[in-house]
Amino acid sequence: MPVPDHPGAVKRHSLRDSAYVALCAAIVDGTLAPGETLHDEELCAWLGLSRTPVRGALVRLEDEGLVETAPQRYTRVMPLDPQRTRDLFPVLAVLHGLATELAVARLEPSDIAALNAANEDFVWGLRAGDGVAAYAADDRFHAVFVHAAGNAHIMHELERLGPQLRRLERQSSSQLPGRRSVAQHQAIATRANAGDAGGAASAARENWMTLGGLIHRAFEGAAG
């Protein structure tokens, strides 16, 4: 069977991806605020796109937990919900713990160097009070294990949950991780370098649950 000749399909897919990237970034950084109603015509005018790619992007964002819809009523940015925050971090802890455990036997010297460099940037960001830099470095630290593990299912799930995580980090950036998180990073790297897969995985899970508790407390404080 010959390959169908539909050149427009690629273009439509690309437009949907462009809409997704723009809308996701606006939700993560708060330009589109939690609970804000989203109107198709306004989004289309802002992005300079037709309704089809915009609606496709919104469907993906709903799947990723950043948008919610009520048929015939509204499409809106998902409000920040303490229960959803509590539910997210155990999942992240399990996924990152598994990635870490799988990765330890595969780590190269360059991976250990990348872990150390990311951890140094993490500490610098915390000392400078720069939440964006600190969380970016934290992402790079854990990404070393995710990529070394080479498990496509773990990568897919973490990519899907990533925007939720980054939005929570951005919204709670006034309260940053402290010495406990730095010590946990060091424990993860030390155990991984020693070949202790189980110990590194345990430290990774603890690290993610610590971050979850910090972010949850930040939202509780804001609500109070």
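At-a-glance table
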| read-out | value |
| --- | --- |
| Residue list for the stretch 112-154, filter: among the β-branched types (Val, Ile, Thr) and touching an Asp or Glu at 6+ places or on another chain (Cβ under 6 Å) | 144 |
| Hits in the stretch 65-85 - residues which are touching an Asp or Glu at 6+ places or on another chain (Cβ under 9 Å), within 27 Å of residue 157 (Cβ to Cβ) and in contact (Cβ under 8 Å) with a residue 12 or more places away in the chain | 75, 76, 77, 78, 79, 82 |
| Residue among 165, 161, 214 that is aliphatic (A, V, I, L, M), touching an Asp or Glu at 6+ places or on another chain (Cβ under 8 Å) and closer than 16 Å to residue 93 by Cα | 161 |
| Of residues in the stretch 1-32 being under 16 Å from residue 76 (Cβ atoms) and surrounded by 13 or more Cβ atoms within 10 Å (Cβ to Cβ), the one modelled with the lowest pLDDT | 30 |
| Only one of 41, 108 that is more than 17 Å from residue 170 (Cα to Cα), in the same structural domain as residue 217 (by TED's automatic domain parsing) and out of contact with any helix residue (DSSP H, G or I) (no Cβ under 7 Å at 6 or more places or on another chain) | 108 |
| Selected residue (only one of 99, 57 is in a helix (DSSP H, G or I) and within 30 Å of residue 194 (Cα to Cα)) | 99 |
| Residue pairs meeting the criteria (Cβ under 8 Å; at least 6 apart or on separate chains; first in contact (Cβ under 8 Å) with a residue 24 or more places away in the chain, in the stretch 184-199; second of a type in the set (Ser, Thr, Tyr)) | 184/210; 188/100; 192/100; 197/100 |
| The stretch 29-50 residues that are under 14 Å from residue 68 (Cα atoms) and in contact (Cβ under 8 Å) with a residue 12 or more places away in the chain, paired with ones that are surrounded by 12 or more Cβ atoms within 10 Å (Cβ to Cβ) and small (Gly, Ala, Ser) (beta carbon under 9 Å, 6 or more apart) | 32/26 |
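Let's see how each residue does on (1) out of contact with any strand residue (DSSP E or B) (no Cβ under 6 Å at 6 or more places or on another chain); (2) crowded, with 17+ Cβ neighbours inside 10 Å:
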{"residue": "63", "(1), (2)": "yes, no"}
{"residue": "78", "(1), (2)": "no, yes"}
{"residue": "83", "(1), (2)": "yes, no"}
{"residue": "88", "(1), (2)": "yes, yes"}
{"residue": "95", "(1), (2)": "yes, yes"}
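The values are calculated or read from the model by the stated rules, or taken from the named source; none is laboratory data. Bear in mind the structure is a predicted one, so any value in this text is a computation, not a measurement. Every residue, glycine among them, receives a Cβ derived from its backbone with ideal geometry; neighbour counts consider all protein chains shown.
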